[in-house]
1. Working only within the range 35-79, note down all residues that are under 14 Å from the mean Cα position of the chain (by Cα) and either part of a strand (DSSP E or B) or of a type in the set (Gly, Ala, Ser) (or both).
2. When the range 29-46 is examined, which residues are found to be among the β-branched types (Val, Ile, Thr) and over 16 Å from Ile91 (Cα atoms)?
3. Among residues belonging to the range 85-96 that are touching a Lys or Arg at 6+ places or on another chain (Cβ under 7 Å) and outside any strand (DSSP E or B), point out the one that is modelled with the lowest pLDDT.
Amino acid sequence: MLTHLCGTGPVEGAGSKRFLDYMAKRYRIIFYGLSGNKEQFKDRMVYLNARPELVDQIINRAPVILKEGLSLEISMRYASAVQRAGGKVEIQEYEQNKNPVARKISVAPFNDFTMCPECGQKQLKRRSCIRCGCIL
């Protein structure tokens, strides 16, 4: 009989649905920003084989998903490495391929938004306001 890694009790045999559900859990790493010096973070991430231009994008677009579809063990190692480099990260559990249409959600960074001077509508930068039509 196997024991659940979180210590919540025994898990039935390897062929059981509960065991298979446990094994199917996947995790992702979310980067929220820097906890230290930007240049040190970049140097340490390059040392971990990240491309310098990618590190710049990660910093500028935070929060971003760094990796997803990982086991808990690999997620913890990955998050630990990014934290040691000087990043703020979080491990989130998610259901892989539960809804393939809404699998990834991209959130634009704050500097991609603007506010209409006429009506105050906050929106992605564009030529005219989506609410009142004012030229931006």
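1. Result: Ala62, Val64, Ile65, Leu66, Lys67, Glu68, Gly69, Leu70, Ser75, Ala79.
2. Passing the criteria: only Val46.
3. Going through the range 85-96, the residues touching a Lys or Arg at 6+ places or on another chain (Cβ under 7 Å) turn out to be 85-86, 92-94, 96.
With the extra rule that they be outside any strand (DSSP E or B), the set shrinks to 85-86, 96.
Working: Ala85: 91, Gly86: 91, Gln96: 61.
Looking at the filtered set, the residue picked out is Gln96.
Residue by residue, here is whether (1) loosely packed, with under 11 Cβ neighbours inside 10 Å; (2) at pLDDT 90 or above; (3) at negative phi; (4) part of a helix (DSSP H, G or I) holds:
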residue	(1), (2), (3), (4)
Lys98	yes, no, yes, no
Ile105	yes, no, yes, no
Ala108	yes, no, yes, no
Asn111	yes, no, yes, yes
Thr114	no, no, yes, no
Cys119	no, no, yes, no
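The values are calculated or read from the model by the stated rules, or taken from the named source; none is laboratory data. Being a predicted model, the structure only gives us computed values, none of them experimental. In this analysis, Cβ positions are derived from the backbone assuming ideal geometry, glycine residues included, and neighbour counts consider all displayed protein chains.
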